[in-house]
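Chemist: Below is a structure I'd like to ask you about.
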Amino acid sequence: MESLFGKKKREPGGTLVLYTTRHGATQRYAERIAQPLDALVKEASYARVDRAKTYDAVVLGCPVYMGRIKGLDFFADHAADLAGKRLVLFTCGLYDPAQQDVRRMLDDQLRGKLGAALDDMIVFHLRGRLRWQNLGLAERLMMKALVAGIRKKAEENRDETEKLLLETEGGALDFSDEADIGAIVHAVRFGREEIV
Ligand SMILES: Cc1cc2nc3c(=O)[nH]c(=O)nc-3n(C[C@H](O)[C@H](O)[C@H](O)COP(=O)(O)O)c2cc1C
């Protein structure tokens, strides 16, 4: 459809991929998810619900910092407006979501923030990365405090992520996995039922 200035107007439908990021891992996942879907990718804080409503599916990527899932507001605040759309949410954190305690912490937070609206969303927990050299002073101090806390734990009580955090202190740690992207793209295309 042509608009007044000859610029092509978007037809309703398609997928909008929103993300929040500090260090790029969530953004990178968002961009990789958007590629095969030919979706628009946008920083969540710039997204407007009246525009989002014109899409069939909305994906929201949220990083985890200091035990908190960031950037859930777009889904939390606009759940009613987005009802009936395919809503896919993914978190991006260092800790392993295959671990029951990590998974429970993430899911409890989602339930607390999104309430019943969560039942209509398809949720994935992905793993991110950490590069100490990219951290600002405040983040560096927080990570140092986290690492000091891990060091105080008895060795047998440290999980795999914590052991690696100690080993790589000051360096880099990368758990990002491209394989997770395929499952999300599939969920956007076919919904929850079709996931095998
Ligand atoms: C200060 C700080 C605190 C973090 N806290 C957590 C945490 O509580 N749980 C977790 O799984 N990952 C944590 N991470 C790791 C981030 O989730 C990871 O770096 C992720 O890739 C961040 O996403 P982003 O690159 O899109 O900002 C933390 C990282 C930093 C720098």
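The values are calculated or read from the model by the stated rules, or taken from the named source; none is laboratory data. What you see is a predicted model, and the numbers here were worked out from it, not measured in a lab. Reconstructed Cβ throughout: ideal geometry from the backbone, glycine too, with neighbour counts over all protein chains shown. Accessible surface areas use protein heavy atoms only, side chains included; no ligands, DNA or RNA. Shrake-Rupley method; radii C 1.70, N 1.55, O 1.52, S 1.80 Å.
Chemist: Take the conditions within 8 Å of the ligand (Cβ to nearest atom) and not in a helix (DSSP H, G or I) and apply them to T21. Does it pass?
Modeler: yes
Chemist: Another one. Restrict the check to region 55-73 and report whether at least one residue is more than 25 Å from H186 (Cβ to Cβ) and of a type in the set (S, T, Y).
Modeler: Checked region 55-73: at least one residue is more than 25 Å from H186 (Cβ to Cβ) and of a type in the set (S, T, Y).
Chemist: Going through region 85-135 one residue at a time, which ones are more than 16 Å from the ligand (Cβ to nearest atom) and under 17 Å from I184 (Cβ atoms)?
Modeler: Within region 85-135, K85, R86, L87, V88, L118, D120, M121, I122 qualify.
Chemist: Continuing with this model, one more query. If C62 passes every condition in (1) open to solvent by 20 Å² or more (accessible area, probe 1.4 Å); (2) within 16 Å of the ligand (Cβ to nearest atom) but one, which one does it miss?
Modeler: Of (1) open to solvent by 20 Å² or more (accessible area, probe 1.4 Å); (2) within 16 Å of the ligand (Cβ to nearest atom), only one is false for C62: (1).
Chemist: Same structure, new question: Does Y55 satisfy being among the aromatic types (F, W, Y), away from the ligand (no atom under 16 Å from the Cβ) and buried (at least 18 other Cβ atoms within 10 Å of the Cβ)?
Modeler: So Y55 fits the description; yes.
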